[in-house]
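*Asks:* Sharing a structure, written as structure tokens. Questions coming.
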Amino acid sequence: MEEMIVTEAVAKDSHFTSPSTRLKRAEIERQNAQTTEEAVKYQPSLQIRQRYIGDPNGVLGIRGADMFSTARNMVYADGLPLHNQLQFSFNGAPRWSMVGPNEIDAVDVVYGPFSAEYSGNSIGGVVNIKTHMPMKEEYYAEASYFAQPWENLGADSGNFDGNRQFFSYGNRLDDWSVLLSYNRLEAESQPMSYFIDNTGLGNPTGAQTPVSGAVPVLDTRGTPSYIYGDTGPELVNTDLVKLKLGYDITPDLQAIFTGAFEERTRKATDPRNYLTSASGAYFGDGNTNSRDAVFSGRTFNVLNSGFGPSEDERQTMQIGMQLKGAISERWDIDTTFSYLDVIKDERRTAFFSPNDPRNQDTGQLQVFDDFNWKNYDLKLSTRELFGWKPLEFLTGYHFDNYNLNFKQFSFGSYNDNRVGPETVSRRNQGEITTNAFFGQFAYHFAPDWDLTLGARYEWWLASSGVGSNTPLPDRSDDAISPKASLGFEPGPWKFRYSFGRAYRFPVIAEMYQNLSTPTSITTANAGLKPEDGWHHNFMIEYGLNSGYVRVNVFRDDIRNTIQQVRRASGILTENAFQNIPATSTTGVELIYDQQRVLDSNFDLNFNATWMNAIVEDGGPDLFFREANGTNTRFNLTGKQRIRLPEWRFNALATYHVSEVWDVSMAGRYTNDSFNDIDNNDNVNNVFGSQDGFFFLDFKTSYRFKYDLLGKPAKSRVSFGINNLTDKTAYVFHPYPQRTFFVEGAISF
């Protein structure tokens with residue numbers, strides 16, 4: 001038979017009015033990706049704050065949505081939402097670990113709220129993960145080991161490692177298909193936080209205890225400070241079991257059931273004290289307001305409560321049903337129901353180290369058990385409305401319901417796990433329901449031209465609100481979000497202007513969830529207004545053989561931007577949510593993506609983003625209490641928005657040494673940004689800063705083909721290094737240093 005070459009023909013998605021990128025399985029295998037979120041870390045205008053492998057707080061930032069603005073980005077796996085619209089900030093990270101990285105066939109990143117099918121939570125963008133379904137009987141197994149030699153401040157050093165295993169079985173019998181998988185991860189992190197006194201060093205009076213081991217540093221605002229300990233390594237274990245069952249109702253219409261259960265634990269049982277006095281380890285005098293220690297002629301305060309161990313345990317179940325395909329000659333359906341339930345989520349924190357002579361065995365228990373969300377989406381589309389080829393049409397309905405019920409208890413005995421009374425003043429709960437209808441017409445009015453017009457209507461209800469045990473009134477709101485796009489695609493060129501208005505309603509945590517720990521307080525705001533954004537994108541693209549070059553120019557103007565604002569720092573950090581009257585983001589994005597560049601053995605994906613994100617109108621002056629107790633008055637107008645770097649570069653280059661051996665080098669660069677809204681945190685490369693960095697990553701893989709049990713089999717062995725040059729950088733917490741990987745996989 002003559003050689004046959006089959007090329008992938010990707011159907012135009014309904015979100016074609018939005019700029020998007022696609023990442024395939026082969027590209028993911030060229031990365032040291034041990035978790036699902038790592039798969040997208042080289043994509044344009046996107047940043048993942050993954051502090052270590054297995055980090056439960058792997059928050060996502062896209063374009064003008066910073067990493068802590070988690071409600072401005074959405075993540076789906078086969079139509080099932082993984083984004084967490086119950087919480088905000090670091091604990092509002094998508095539930096990435098509900099998908100094993102080896103399940104992924106492709107990932108689409110959709111930028112901006114330019115499609116009527118997505119809510120205003122797509123202000124930054126949408127990550128659509130498409131997972132694997134088998135076409136025949138198949139087995140797959142993969143195992144990896146990784147290790148990080150670590151050395152940073154003072155006594156902070158050690159070797160931290162981890163491992164991962166993935167197994168799956170798939171088969172297809174007539175119209176039925178099934179995939180059963182298990183993903184297990186065990187990882188140990190470097191210390192995440194340091195114990196620091198940045199309230200200003202004093203002069204000795206003779207009443208302080210002389211100590212050794214403190215580390216002199218500057219804090220992010222230039223205050224001379226001492227670091228006297230760290231939180232120690234965190235040990236994370238996750239186990240994910242998943243079943244996918246598919247049935248072909250017709251050759252063009254498939255139903256898929258998904259069921260997943262995850263158990264996750266996190267333990268930080270060994271916070272480390274750097275201080276030693278004449279009588280041994282020094283943990284402080286128990287007074288949070290006195291400078292009780294002296295080092296190198298300067299006095300500082302040691303906070304006993306920082307040395308307490310902590311641990312989390314979480315169990316999550318997700319079920320979903322999707323029906324997708326053609327229901328007639330001209331109409332397609334895509335409908336999904338999903339339910340995610342947090343069966344158990346408890347976080348235990350001790351207030352003292354077991355080695356502290358002042359240990360009272362006290363602590364707190366935070367219970368997040370009653371967290372769940374339900375989603376339903378119905379989409380109907382046709383390529384020929386009323387049989388007329390120039391007119392496409394998409395319409396649909398969306399429903400979601402999010403529930404939060406948070407309780408906090410004191411411990412009668414942390415070591416004996418004896419729970420005391422509830423801290424009633426910290427009881428928070430709430431429910432948010434959204435109904436939406438949307439429609440979108442695409443009119444191909446001339447050769448190579450199309451005009452798309454659409455709108456989305458949303459009705460939003462917040463009910464059953466309780467903040468700090470105080471009942472709050474119900475709220476409702478509605479909004480219409482128009483969309484428009486004009487495209488011209490002559491030959492290899494593509495030109496497209498897209499406009500979208502988007503409303504982003506507050507999530508439950510922003511409105512109701514007041515939290516407290518020994519070192520921080522977060523205050524919710526039940527009166528928050530929805531964000532109101534006007535968004536523009538102009539795209540120019542030129543098609544290449546097996547690739548493309550693209551430039552996007554984008555602009556976002558948002559009124560009533562919801563921001564978590566720090567009100568005080570020091571021994572006790574205070575944050576609160578508020579609306580900022582007006583912000584803007586202007587950006588330019590360049591993408592070059594091509595396989596076999598100039599018919600060589602090189603593949604190259606390069607992208608760069610310049611972005612200017614500022615506060616156009618900051619409203620009334622704000623007051624900020626510095627760590628030393630003084631109050632600073634300032635206005636936000638003209639300030640740079642926090643955690644949004646001006647420059648980002650990513651590159652992934654692969655050289656195919658042969659058909660079975662490839663070598664990849666990848667680089668990630670971002671410049672520094674601000675963590676404090678007044679932009680006075682100007683010191684970099686210190687704990688608490690938002691550093692610029694350049695991380696260089698390496699991976700090489702070799703593949704084998706052979707027969708196993710009478711079947712053709714394939715194996716792969718890989719070796720990789722992340723942060724090849726061993727740079728130290730902070731995203732408030734320290735990023736990992738040089739990390740080594742070995743990996744092996746077999747499939748048949």
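The values are calculated or read from the model by the stated rules, or taken from the named source; none is laboratory data. If you're wondering where the values come from, they're calculated on a predicted model, not measured in any experiment. Neighbour counts run over all protein chains shown; Cβ positions are idealised from the backbone, glycine included. When the accessible area is computed, the model is the full protein with side chains, heavy atoms only, and any ligands, DNA or RNA have been set aside. Shrake-Rupley method; radii C 1.70, N 1.55, O 1.52, S 1.80 Å.
*Asks:* Tell me, which residue of region 410-438 that is more than 29 Å from Ile508 (Cβ to Cβ) and in a strand (DSSP E or B) is least open to solvent (accessible area, probe 1.4 Å)?
*Replies:* Residue satisfying both the conditions and the ranking: Ser413.
*Asks:* So Trp96 ticks every box in (1) at pLDDT 95 or above; (2) surrounded by fewer than 17 Cβ atoms within 10 Å (Cβ to Cβ) but one. Which box is left unticked?
*Replies:* Here Trp96 clears every test but (2).
*Asks:* Would you check which residues across region 153-204 are open to solvent by 30 Å² or more (accessible area, probe 1.4 Å), of a type in the set (D, E, K, R) and outside any loop (DSSP other than H, G, I, E, B) and list them?
*Replies:* Asp161, Arg172, Arg184, Glu186, Glu188, listed by residue number.
*Asks:* Taking Ser689, is it farther than 20 Å from Ile48 by Cβ and hydroxyl-bearing (Ser, Thr, Tyr)?
*Replies:* Answer is no for this residue.
*Asks:* Shifting gears a bit: Out of region 221-241, which residues are over 25 Å from Ser353 (Cα atoms) and within 24 Å of the chain's Cα centre (by Cα)?
*Replies:* Thr238, Asp239, Leu240, Val241
*Asks:* Run Leu709 past the list (1) within 26 Å of Phe90 (Cβ to Cβ); (2) open to solvent by 60 Å² or more (accessible area, probe 1.4 Å); (3) out of contact with any strand residue (DSSP E or B) (no Cβ under 7 Å at 6 or more places or on another chain) and report the number of the one that doesn't hold.
*Replies:* Failing condition for Leu709: (1).
*Asks:* Please verify whether region 122-145 includes one or more residues that are of a type in the set (Lys, Arg) and over 21 Å from the mean Cα position of the chain (by Cα).
*Replies:* yes
*Asks:* Consider Met135 against the criteria (1) in a loop (DSSP other than H, G, I, E, B); (2) of a type outside the set (Gly, Ala, Ser); (3) open to solvent by 10 Å² or more (accessible area, probe 1.4 Å); (4) in contact with a Leu (Cβ under 9 Å, 6 or more places away or on another chain): it satisfies all of them except one. Which criterion is unmet?
*Replies:* It fails just one condition, (4).
*Asks:* Applying the selection to region 43-58, what residues are closer than 20 Å to Arg72 by Cα, in contact with a helix residue (DSSP H, G or I) (Cβ under 9 Å, 6 or more places away or on another chain) and either in a loop (DSSP other than H, G, I, E, B) or among the hydroxyl-bearing types (Ser, Thr, Tyr) (or both)?
*Replies:* Selection gives Gln50, Pro56, Asn57, Gly58.
*Asks:* Checking the structure you have, find out if any residue of region 112-122 is hydroxyl-bearing (Ser, Thr, Tyr), in a strand (DSSP E or B) and open to solvent by 10 Å² or more (accessible area, probe 1.4 Å).
*Replies:* Scanning region 112-122, I find no residue that is hydroxyl-bearing (Ser, Thr, Tyr), in a strand (DSSP E or B) and open to solvent by 10 Å² or more (accessible area, probe 1.4 Å), so the answer is no.
*Asks:* Any idea which of Asn537, Asn552 is modelled with pLDDT of 95 or more, under 25 Å from Ser481 (Cβ atoms), in a strand (DSSP E or B) and in contact with an Asp or Glu (Cβ under 7 Å, 6 or more places away or on another chain)?
*Replies:* Asn552
*Asks:* Inside region 630-657, can you point out the residues that are touching a Ser or Thr at 6+ places or on another chain (Cβ under 8 Å), open to solvent by less than 60 Å² (accessible area, probe 1.4 Å) and not in a strand (DSSP E or B)?
*Replies:* Arg641, Ile642, Arg643, Leu644, Pro645
*Asks:* In addition: Anything in region 77-87 that is within 11 Å of the chain's Cα centre (by Cα) and of a type outside the set (A, V, I, L, M)? List them, or say none.
*Replies:* Selection gives His83, Asn84.
*Asks:* Another question about this same structure. Take the conditions over 22 Å from the mean Cα position of the chain (by Cα), at pLDDT 95 or above and surrounded by fewer than 16 Cβ atoms within 10 Å (Cβ to Cβ) and apply them to Leu590. Does it pass?
*Replies:* yes
*Asks:* Sort out which residues of region 388-409 are in contact with a Ser or Thr (Cβ under 6 Å, 6 or more places away or on another chain) and surrounded by fewer than 17 Cβ atoms within 10 Å (Cβ to Cβ), and write them in order of number.
*Replies:* Asn401 - this is the single residue of region 388-409 that is in contact with a Ser or Thr (Cβ under 6 Å, 6 or more places away or on another chain) and surrounded by fewer than 17 Cβ atoms within 10 Å (Cβ to Cβ).
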